[in-house]
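**Q** Starting off with a structure, shown below.
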Amino acid sequence: MFYSKEEFKENFVKLLEQQEQPASPKTAYSILAGMVREFVQRDWDETTYLYQEEQRKQLYYFSIEFLIGRMLGQNLVNLSLYEMVSEGLDELGYSLAELEEQEPEPGLGNGGLGRLAACFMDSIASLQMPGHGCGIRYKGGLFSQGLSDGFQTEQPTDWINDSVGWDTRREDLALYIPFFGKLQVSEEGPFKPEHKDAKWVKAVPYDMPIVGAYGNTVNTLRLWQAELPEQQLLPDGDIDAYQQQVETISDRLYPDDSTDEGKLLRLKQQYFLCSASLQTIVKNRDFPITVLAKHVAIQINDTHPALAIPELMRILLDEEGMPWEEAWGITTHTISYTNHTILEEAMEKWSSRMLEQLLPRVYMIIQEIDRRFKEKCHQENLEPEALKKLAIIDDGMVKMATLAVVGSYKVNGVAKLHTDILKMREMKELNEHFPHKFHNKTNGITHRRWLMKANPELSDLISSAIGDEWKQDTMKLHKLNEFTQDSVFLGDFKAVKQQKKNQLADYLLDQQTVTIDPESIYDMHIKRFHGYKRQLMNILHIQMLYNRIKEDASYRPHPRTFFFAGKAAKSYQFAKQVIKLINTIAEQINTDPVARHHLHVVFVEDYSVSRAEKMFPAADISEQISTASKEASGTGNMKFMMNGAITLGTFDGATVEIIEQTGEDNAFIFGLSAQQVMQFEKEKTYHAREFIEKDHEISRMVSELLSGSLSKGPENIDFIRRQLIDENDPFFVLKDIQHYARTHNRALAEYEDNLAWQEMSVVNIAQSGIFSSDRTIRQYSDEVWGLEKVHSK
Ligand code: 26W
């Protein structure tokens, strides 16, 4: 059906005529999506069959989030059908871009961690590796963000009901998960606790095709849905209440991306995902259980799926009747763990009481893992505080990160600096106890979505200069370094960037009725709102620029548009107040008869994968200004780099490696280093108050802020005041803001030299190849999973 444009158009029209006329864009979208869905079915079946047939080792990527975004466009790009279909639809009077907008975006993730999982799925399939995703089919993805009077509002989303899904219900693979209940241990015979009076939940998988590029590999993303079990498994009592209770398990994604709320429903979600996925892997295996680790690799995406460790032990001990040592040997050779944050408040701890109540057998196994590990640690005559750091269960709390490290054969951070901090500070004792476990895997992004799909204009320009090979091997982008002195190429690049800036301006005028000056510098700060990402420092700097324009008539800088986009976790008041502050300062500046010609502040609502795809290609400046040591990696920084935006940031996370690639003269770096931050934290020698007293500009700006005049009332900044003043500015905003301001001035001056700026942009693109998630996945496979490519016939 896609073998030629004519054949495609014929099939499309035939299917369209079966719909009530005139067919709406939504209908046209569903028809096209249905055609693509059907087209990949055969490769999907064949890939699944091949993996079985050839007994290949398979990876299962356990993640509580998969921020996949829209699939139609990406699938067409990966099938190399995008141009053909786009032309065919044009000739039929349809715009592919418009049809793509009809696809509801399944917001099955919060931010970095969820999107990384989605990029990994795309790379694993495109590298023809046998790897699958295991997640939860949340009915309600992340809330959609609105603004009312500058404050964030949250509306629940429901992506399932209004879309032709890409996924298929696999009733045949449904299974059951026990919660609560109690254990009964029979006196005689082998130790095999019976799980009595459990409350059973039915788990039904929905499989989604993950279409790889350059080959016919189609892997599976399996998302589990919680449902009421059949009659015989129902507890007596009020069924409706029970149904309600059961189905909430896969109802909503938790909107937090940095604070462990410790809610029972979240724990249910985590066990539901682990048990359903593990039961299927063990049940449908076609090899002896004793060689599981040879046939299966399981990667847990942060600690959220860490219950996979005791759950696999339960299955091997209780269902396969294996002795402890053998079961532990298999488990600790099958599971590996990735850590994505060092923030204390994000490190998950579950109360022993809650775990024992909800998962009595799993908790019993965790106790035994903890007892045996404590026993081992005690043989090493360690200091009491070291033993405390090594304890899995401590003060009635189970530390999931410690359990994850003890139960995994490999543990990695997501950027060199982050992994070093994990080994030297956060997990120092564990690293010393397991000297060979810790390794680094610097994150990556799929260039097929974030360059080829989001910026086809730039892709074509690159291919016109260096050919197409870079699409399969992004290290070939290095060849662009030969064009950094080529004024024609630099001019063409500038034209493409301007085209993307115009497109974004048109999109935001249409979507948010804001008028953007396409000639202005597009400066973007787009990511989740969090204290350590320092959106506060950005908006306070903009206020300083405004004050300067008001006081200094000679200061009339090149027009700049400051873009902010991102959501704040519902319960994170500080972050929500920063959003309000940005919108009140925006209103002041954007309506100021003088300043509005030099500064423009835009808050793009409801940040999502689709909106990100329109923003990254249009950026000139990439704001990566986190307090050094706090951002594990960042992946937005890589998306900006690949689209030729220049990084203005701190030496933090993967930005350190970005500057390693570009050289300091192709970026704008400022601020405290990670070492300096950690030193200040250790010695408690930073006193924010000093900066307020000794620096006039800062004290003026802070008193303006605290007066409430920037936020329509001091009540709207009390969380900000508390952090900056009472909590002594834990993210060093006042310490770094003047260096930040000077660095912005440097960037502005550099921008005036147009050719130099284009040259810097092209160097960034040329050096971005290493940040493709294809490189990351090759490293995981070579050094952790040991997967082999499976060439489909
Ligand atoms: C328990 C609540 C919770 C939920 C999500 C705590 C922590 C998380 C995630 C780990 C937060 C997250 O998304 N971390 C980001 O992961 C990216 C992918 O590795 C990194 O690039 C970011 O630096 C990191 O903040």
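A short reminder: the numbers here are calculations on the coordinates, not readings from a lab. From a predicted model like this one, the values you see are computed outputs, not experimental measurements. Every residue, glycine among them, receives a Cβ derived from its backbone with ideal geometry; neighbour counts consider all protein chains shown.
**Q** What net charge is computed for the residues neighbouring Ser622, neighbours being all others with C-beta under 11 Å from the C-beta of Ser622, Lys and Arg scored +1, Asp and Glu -1? Display every interim value, and only then the final one.
**A** Numbers: positive: Lys527, Lys639; negative: Asp523, Asp620, Glu623.
In short, -1.
**Q** Of Lys192/Lys399; Lys453/Lys570; Lys399/Lys570; Lys630/Lys684; Lys527/Lys694, which pairs sit farther than 28 Å apart, going by alpha carbon to alpha carbon?
**A** Checking Cα-Cα distances, Lys453/Lys570; Lys527/Lys694 exceed 28 Å.
**Q** Normalised by the number of residues in the range 575-715, what is the relative contact order in percent for Cα pairs under 8 Å and 6+ residues apart?
**A** Once divided by the residue count of the range 575-715, the mean separation gives 19 percent.
**Q** Mean separation of Cα pairs under 8 Å and 6+ residues apart, divided by the residue count of the chain: what relative contact order is that in percent? Mind showing how you got there, number by number?
**A** Numbers: 1419 pairs, mean separation 110.1, N = 793.
In percent, rounded to a whole number, it is 14.
**Q** If each DSSP helix of 4+ residues adds -39,500 (n - 2.57) and the sum is divided by the residues in the chain, what number results at 222 nm, nearest 500 deg cm²/dmol?
**A** Rounded to the nearest 500, the figure is -13500 deg cm²/dmol.
**Q** Excluding residues fewer than 8 places away in the same chain, name every one of the aspartates and glutamates whose C-alpha is closer than 18 Å to that of Lys376.
**A** Partners within reach: Glu325, Glu326, Glu368, Glu385, Asp394, Glu429, Glu432.
**Q** When the Kirkwood radius is taken over all Cα pairs of the range 256-332, what Stokes-Einstein diffusion coefficient follows at 10 °C and 1.306 mPa s, in µm²/s?
**A** So the translational diffusion coefficient is about 118 µm²/s.
**Q** I want to make sure I understand the PRE zone here: with the label point 7 angstrom from the Cα of Leu92 toward its beta carbon, which residues in the range 13-47 have backbone N atoms less than 13 Å away?
**A** 13-19, 23-36
**Q** Here's a follow-up. For the range 119-136 and the range 1-79, compute the distance between their C-alpha centroids and round to whole Å.
**A** Here the two parts' Cα centres lie 16 Å apart.
**Q** Quick one: check the C-alpha center-to-center distance for the range 149-225 versus the range 620-672, whole angstrom.
**A** Taking the Cα centre of each part, the range 149-225 and the range 620-672 sit 37 Å apart.
**Q** Tell me the volume per residue, in Å³, of the convex hull enclosing the alpha carbons of the range 305-431. Don't jump to the answer; show the numbers that get you there.
**A** Numbers: hull volume 13.5 nm³, N = 127.
Hull volume over Cα atoms, normalised by residue count, gives 106 Å³.
**Q** Moving to a separate point now. In whole Hz, what ³J(HN,Hα) sequence does the range 74-79 give by Karplus (6.51, -1.76, 1.60; θ = phi - 60°), x for Gly and Pro?
**A** 5, 5, 5, 5, 5, 8
**Q** Now a separate question. Under a 5 Å amide H to amide H cut-off, with H placed in plane at 1.01 Å, what residues pair with Leu147 once short-range neighbours are removed?
**A** Answer set, sorted by chain and number: Thr153.
**Q** Please work out whether the range 445-546 counts as rounded, prolate or oblate from its C-alpha gyration tensor, where a ≥ b ≥ c are the square roots of the eigenvalues and a/c under 1.5 means rounded, while otherwise a/b larger than b/c means prolate and anything else oblate?
**A** On the way: a/c = 1.95, a/b = 1.70, b/c = 1.15.
In terms of gyration-tensor shape, prolate.
**Q** Which order, highest average first, do 126-136, 749-759, 645-655 follow once you tally other Cβ atoms within 10 Å for each residue and take the mean per peptide?
**A** 645-655, 126-136, 749-759
**Q** Express as a percent, rounded to the nearest 5, the fraction of DSSP beta bridges in the range 324-471 (both residues included) that run antiparallel.
**A** Approximately 50 percent, going by the DSSP bridge assignments.
**Q** Next up: Where in the range 113-154 is the amide nitrogen less than 19 Å from a point lying 7 Å along the Cα-to-Cβ axis of Glu247?
**A** Zone members listed by number: 136-142.
**Q** Classify the range 629-730 as rounded, prolate or oblate from the Cα gyration tensor: take a ≥ b ≥ c as the square roots of its eigenvalues, call it rounded if a/c is under 1.5, otherwise prolate when a/b beats b/c and oblate if not. Spell out each step's value before the answer.
**A** Values: a/c = 2.35, a/b = 1.70, b/c = 1.38.
Here the range 629-730 falls in the prolate category.
**Q** Given R₀ = 41 Å, FRET efficiency for Glu20-Asp506 by Cβ-Cβ distance, to 0.05?
**A** For Glu20 and Asp506, the calculated efficiency is 0.85.
**Q** For the range 714-726, just list the computed ³J(HN,Hα) in residue order, Karplus coefficients 6.51, -1.76 and 1.60, θ = phi - 60°, integers in Hz, with x standing in for Gly and Pro.
**A** Each residue's phi maps through the Karplus curve to give x, 5, 8, 10, 5, 5, 5, 4, 4, 6, 5, 9, 5 Hz.
**Q** Name the residues whose placed amide hydrogens come within less than 5 Å of the amide hydrogen of Met322, ignoring near sequence neighbours (fewer than 5 apart) on the same chain.
**A** Long-range HN contacts for Met322: Leu317.
**Q** Now a separate question. Please list, in chain and number order, the residues 5+ apart from Gln58 or on another chain whose amide H is under 5 Å from its amide H, with Hs placed from the backbone.
**A** Residues meeting the amide H criterion: Val296, Ala297.
**Q** Using Cα centres only, tell me the gap between the range 735-767 and the range 250-300 in whole Å.
**A** Centre-to-centre distance over Cα atoms comes out at 45 Å.
**Q** Let me check against my output: what whole-number percent is the relative contact order of the range 75-198, with C-alpha pairs under 8 Å and at least 6 apart?
**A** Once divided by the residue count of the range 75-198, the mean separation gives 15 percent.
**Q** Compute the Cα gyration tensor for the chain, then decide on rounded, prolate or oblate, letting a ≥ b ≥ c be the square roots of its eigenvalues: rounded whenever a/c is under 1.5, prolate when a/b is larger than b/c in the other cases, and oblate in all that remain.
**A** oblate
**Q** Quick check: net charge around Trp166, other residues with Cβ under 13 Å of its Cβ, Lys/Arg +1 and Asp/Glu -1?
**A** Numbers: positive: Arg37, Arg70, Arg137, Arg169, Arg222; negative: Glu38, Glu103, Glu105, Asp167, Asp207.
Net charge in that neighbourhood comes out at 0.
**Q** Work out the FRET efficiency for Ala495 and Arg742 from their Cβ-Cβ distance, taking R0 = 41 Å, and round it to the nearest 0.05. Each step should come with its number before you reach the end.
**A** Details: r = 31 Å, r/R0 = 0.77.
Working from the Cβ atoms, E equals 0.85.
**Q** Now a separate question. Could you go through the range 175-182 in sequence order and give the Karplus-derived ³J(HN,Hα) for each residue, using 6.51 cos²θ - 1.76 cosθ + 1.60 with θ = phi - 60°, rounded to whole Hz, and x for Gly and Pro?
**A** Taking θ as phi minus 60°, the curve returns 8, 10, 10, x, 10, 6, x, 9 Hz for the range 175-182.
**Q** Summing +1 for each Lys or Arg and -1 for each Asp or Glu, what net charge is found among the other residues whose Cβ lies under 12 Å from the Cβ of Met452?
**A** Here the count lands on -2.
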